[in-house]
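Participant: This is the structure I want to talk about, given as structure tokens.
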Amino acid sequence: MTEKSLIDEQFENIRENYSYICSRIEEAAKLSGRTKSDIRFMAVTKTVQPVLINSALSLGIDLIGENKVQELLLKKDLIRPADVEKHLIGHLQSNKVRKIVGEVSMIESVDSESIAQEISKQSANAGLITDILLEVNIGEEDAKTGFRANELAESAEYISGLSGIRVRGLMAVPPVCEKAGEVRRYFDLVRNLYDKLGNGSWDTLSLGMSADYYEAILSGSTLVRIGSALFGQRRY
Ligand SMILES: *Cc1c(COP(=O)(O)O)cnc(C)c1O
């Protein structure tokens, strides 16, 4: 197949995938007493080439998420529309903070007080306030970063006091679960922390990926992060 027709075929797949995901989102939103406009859709674009990202954006998707600062900065000039909203969703190292502040409208993966401090400092230096989410390690997994549930209240209070940051809510990636019903337990735990600690002042609960966005919405997610269900299996 020529490169052109391969791209056309991939675009057709993305279009069909998006349409299917939208109908599932609408159904789950209804079941949770909301409408599809209450749920923000993020296309997770890690490893995806800009031409296909732009295909997705031509369907009306208006938010993309990248895991790595380097990859985000390399691709951003090739993305159309150039002003599409971008979030960072992967672990951030302190020496990369200066590069990412001002490049994304939200950092969803704030996983320690020290990285929050650095984001606040670099934002203040740039004359900005950066919106962030606190990442919760809800399964208490050693391989994952993020705040443990029992330390979240204290850290949220401290971080909310930093002048260069605005805390908007929580993000989590639950452990891999065998049964779809099992993952609801983790999502519900995050939802409870969100209600309790946010106390009505937060507006973003980022839960749900390709395998579990439906369950996440039932638990109250307001933002789903979808990669492979939209673009197909990632090739690293
Ligand atoms: C890769 C990634 C996603 C998307 O994963 P899929 O299962 O492909 O939808 C969502 N959130 C984070 C934090 C990720 O790293």
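The values are calculated or read from the model by the stated rules, or taken from the named source; none is laboratory data. Here the structure is a predicted model, which means the values were calculated and not measured. Here Cβ is always computed from backbone atoms with ideal geometry, including for glycine, and neighbour counts include all displayed protein chains. Surface accessibility is based on the protein's heavy atoms, side chains included, excluding ligands, DNA and RNA. Shrake-Rupley method; radii C 1.70, N 1.55, O 1.52, S 1.80 Å.
Participant: For segment 131-148, does any single residue satisfy the condition of being more than 16 Å from the ligand (Cβ to nearest atom), open to solvent by 10 Å² or more (accessible area, probe 1.4 Å) and under 19 Å from GLY65 (Cα atoms)?
Facilitator: yes
For (1) farther than 30 Å from LYS196 by Cβ; (2) modelled with pLDDT under 95; (3) not acidic (Asp, Glu), each residue gets a yes or a no:
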| residue | (1), (2), (3) |
| --- | --- |
| LEU63 | no, no, yes |
| GLU71 | yes, no, no |
| ARG80 | yes, no, yes |
| SER105 | no, no, yes |
| ILE129 | no, no, yes |
| GLU140 | no, no, no |
| LYS144 | no, no, yes |
| ALA149 | no, no, yes |
| SER155 | no, no, yes |
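Participant: Also: Looking at LEU205, LEU152, which is the one that is closer than 30 Å to TYR18 by Cα, in contact (Cβ under 8 Å) with a residue 24 or more places away in the chain and away from the ligand (no atom under 13 Å from the Cβ)?
Facilitator: Of LEU205, LEU152, the one residue that is closer than 30 Å to TYR18 by Cα, in contact (Cβ under 8 Å) with a residue 24 or more places away in the chain and away from the ligand (no atom under 13 Å from the Cβ) is LEU205.
Participant: Pick from segment 157-185 the residues that are part of a helix (DSSP H, G or I) and among the small types (Gly, Ala, Ser): which of them is surrounded by the most Cβ atoms within 10 Å (Cβ to Cβ)?
Facilitator: The extreme case among them is SER160.
Participant: Can ALA211 be described as more than 15 Å from ILE39 (Cβ to Cβ), surrounded by fewer than 17 Cβ atoms within 10 Å (Cβ to Cβ) and not charged (D, E, K, R)?
Facilitator: Answer is yes for this residue.
Participant: Taking the criterion of being within 25 Å of LYS121 (Cβ to Cβ) and either outside any loop (DSSP other than H, G, I, E, B) or away from the ligand (no atom under 16 Å from the Cβ) (or both), would at least one residue in segment 186-194 satisfy it?
Facilitator: Looking through segment 186-194, none of the residues is within 25 Å of LYS121 (Cβ to Cβ) and either outside any loop (DSSP other than H, G, I, E, B) or away from the ligand (no atom under 16 Å from the Cβ) (or both).
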